[in-house]
Amino acid sequence: MKSIVTGGCGFIASHVVDRLVGQGHDVTVIDNMSTGFRENIAGHLDSGKVSLEKFDLGDLKKTVKALKGADTVFHLAANADVRRGLEDNFRDIDRNLIVTYNVLEAMRRNDVKRIVFSSTAATYGEPDVFPTPESYHPRQTSFYGASKLACEGLIEAFCEAYGMQAWTYRFVSVQGERHPHGVTYDFVKKLSQDPRELEILGDGTARKSYLYIGDCVDGFFLGFGKADARVNLFNLGHEEYVNVRKVADTIVDEMGLKDVRYRFTGGERGWIGDSPLVHLDTSRMRALGWKPKVSIEETVRRTVRWLLANPYVYGR
Ligand SMILES: NC(=O)c1ccc[n+]([C@@H]2O[C@H](COP(=O)([O-])OP(=O)(O)OC[C@H]3O[C@@H](n4cnc5c(N)ncnc54)[C@H](O)[C@@H]3O)[C@@H](O)[C@H]2O)c1
């Protein structure tokens, strides 16, 4: 099987690359290196098991050329930074929706029939049903979530029109080895610079589910292997959730710090589009035999340890 992994130098997709290589697949990564790191897949590149095509998926012509002969596309390239949509509201349309159109159109032109797509819990906006099931009608609060929901719609339309098949996952925040953005990344960075005080966006009460990268990728491949509808949509999250203050406490403890003052910026949300509670209903995925193995606390601790040992992710 020849697999294409878009965004394969990024956090989650590099773990997808690891699994595909482990399963003996022929893998091509497409990445524009905007937020990706060669280091994330360096071992595979050096051993020749993976080839890397560096270009931007905004270029349809190059995308069509790169997908020739592919069997499945694992499409994870995106602007994954939710907050930046506020500064530039075209960014998510351009980086997520148009890029996803290009990937789908390149698939159509090359007769590639299978796409596995990373959507997000942000598509639910601020739901009023918890845990939130896939059938919940989403109400958008961020350009990021809106663009990902639009991508899901495009994928469905391509599947219907051209006989393609899709596996779409709505993840909660994922952490673990190679974690390059998000709460733990930010807090470790701030605490390394000033171990006495930590600025926390919001009032610290926002509650979130976090998922360990290994559990996330397990779900990703289990659904792909077992579900066989034309469009397969799954939530991936944890049955636990924790508030931001607890995440900060765990990070402070794992870093061996004491008497850190928390300075809250205030408000229930860290920023517009941030949801005060993220907790997904994962019974659809569990019915296939999946459940997270790593607790949220252990996920945060492993992430802190990895970040401290691998400062390259703070390099840009
Ligand atoms: N990290 C999370 O907690 C989380 C949660 C929900 C959904 N997701 C989704 O999972 C996917 C991966 O997220 P991540 O956290 O690993 O992000 P990441 O930024 O580490 O990875 C994204 C990768 O895509 C590449 N890329 C971006 N735009 C590109 C383009 N136009 N052309 C080519 N390459 C491009 C980047 O260089 C990077 O290597 C994204 O689609 C994101 O929306 C992530």
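Name the lysines eligible as straight-distance cross-link partners of Lys208: C-alpha to C-alpha under 29 Å, and not fewer than 8 places from it in the same chain. Leaving aside lysines fewer than 8 places away in the same chain, those within reach of Lys208 are Lys148, Lys189, Lys190, Lys226, Lys246, Lys258, Lys291, Lys293. When the alpha-carbon atoms of the range 158-316 are used, the pair Rg, Dmax equals 17.6, 60 angstrom.
Distance between the pseudo-spin-label points of Glu240 and Tyr262 (7 Å out from Cα toward the beta carbon): 1.7 nm. Footprinting exposure proxy ranking of Glu160, Glu239, fewest other C-beta atoms within 10 angstrom first, gives Glu160, Glu239. Between Asp194 and Lys68, the modelled labels are 5.5 nm apart [label points 7 Å from Cα along Cα→Cβ]. A simple packing score, the average count of other Cβ atoms within 10 Å per residue, orders the peptides 297-310, 256-269, 95-108, 195-208 as 95-108, 297-310, 195-208, 256-269, with the highest score first. For the peptides 22-34, 71-83, the ranking by packing is 71-83, 22-34, with the highest mean count of neighbouring Cβ atoms within 10 Å listed first.
Below 12 Å, Cα to Cα, which aspartates and glutamates can Lys54 reach? Residues fewer than 8 away in the same chain don't count. Once the sequence-local aspartates and glutamates are set aside, what remains near Lys54 is Asp31.
Full extension of the chain segment joining Leu288 with Arg38 gains 86.6 nm, where the gain is 0.36 nm per residue of separation less the Cα-Cα distance. The distance between label points at Phe90 and Glu156 comes to 2.8 nm (points 7 Å beyond Cα on the Cα→Cβ vector). Partner lysines whose Cα lies under 22 Å from the Cα of Lys61, excluding those fewer than 8 positions away in the same chain, are identified as Lys2, Lys113.
Computed from the coordinates by the stated procedures, all read-outs in this text should not be read as laboratory data. Given the structure is predicted, the values throughout are model-derived calculations rather than measurements. Methodologically, a virtual Cβ is constructed for each residue, glycine included, from the backbone with ideal geometry; neighbour enumeration extends over all protein chains shown.
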